[in-house]
Amino acid sequence: MGRTLSLCLLFVLAGAGYVASIEWTMVAEPDVVQIVTLNEDGSTKETKIWIVRVDDQAYIRTGRTRWYRNLERSSSASLRAQGEMYSVQSELVTDADLLERVNHAFRAKYGFADRMSGLVRLGQTRIMRLVER
């Protein structure tokens, strides 16, 4: 199946279950959410990830993972949280002050687990802001 068709199916087939407007407070409340990205071969990749909220925006973080490489190719993704699906776009964060604030939010929310994951994270950490699509 072609990449474009797969991407359309990813968002159209599940479209009926998507929430029109995102309330970031609710979305970032659980410890773990799922992100659905599109692999290079057109298949979908569903991954459990951590999420935090800073200044009423949602942020995710990763090392050099497959789902991050998927977002590099296409910043569009789906996010499953609290039983709802959201259509999102990711934006790489580069502002040093914001990066520090987001990292602090991860430390505050996930505590010891966050410190331990930092020891095993693959490569440079990347932080992305999620915005409604």
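The values are calculated or read from the model by the stated rules, or taken from the named source; none is laboratory data. Just so it is clear, the model here is predicted, and its values are computed rather than measured. Quick reminder, even Gly has a Cβ in these numbers, built from the backbone with ideal geometry, and neighbours come from all protein chains shown.
Residue check: Tyr86 meets all listed conditions (1) out of contact with any Asp or Glu (no Cβ under 7 Å at 6 or more places or on another chain); (2) within 15 Å of Arg129 (Cα to Cα); (3) modelled with pLDDT under 95; (4) outside any strand (DSSP E or B) but one, namely (4).
Residues of the range 17-29 include none that is closer than 24 Å to His104 by Cα, crowded, with 18+ Cβ neighbours inside 10 Å and at pLDDT 95 or above.
In the set Arg69, Arg64, only one residue is surrounded by fewer than 16 Cβ atoms within 10 Å (Cβ to Cβ) and part of a loop (DSSP other than H, G, I, E, B); that residue is Arg64. Scan the range 89-115 for residues that are surrounded by 13 or more Cβ atoms within 10 Å (Cβ to Cβ), at pLDDT below 95 and either within 21 Å of Asp41 (Cα to Cα) or of a type in the set (Lys, Arg) (or both) and jot them down. Once the filter is applied, which keeps residues that are surrounded by 13 or more Cβ atoms within 10 Å (Cβ to Cβ), at pLDDT below 95 and either within 21 Å of Asp41 (Cα to Cα) or of a type in the set (Lys, Arg) (or both), the range 89-115 yields Arg107, Lys109.
Every test in (1) modelled with pLDDT under 95; (2) exposed (fewer than 13 other Cβ atoms within 10 Å of the Cβ) is passed by Ala14 save one, and that test is (2).
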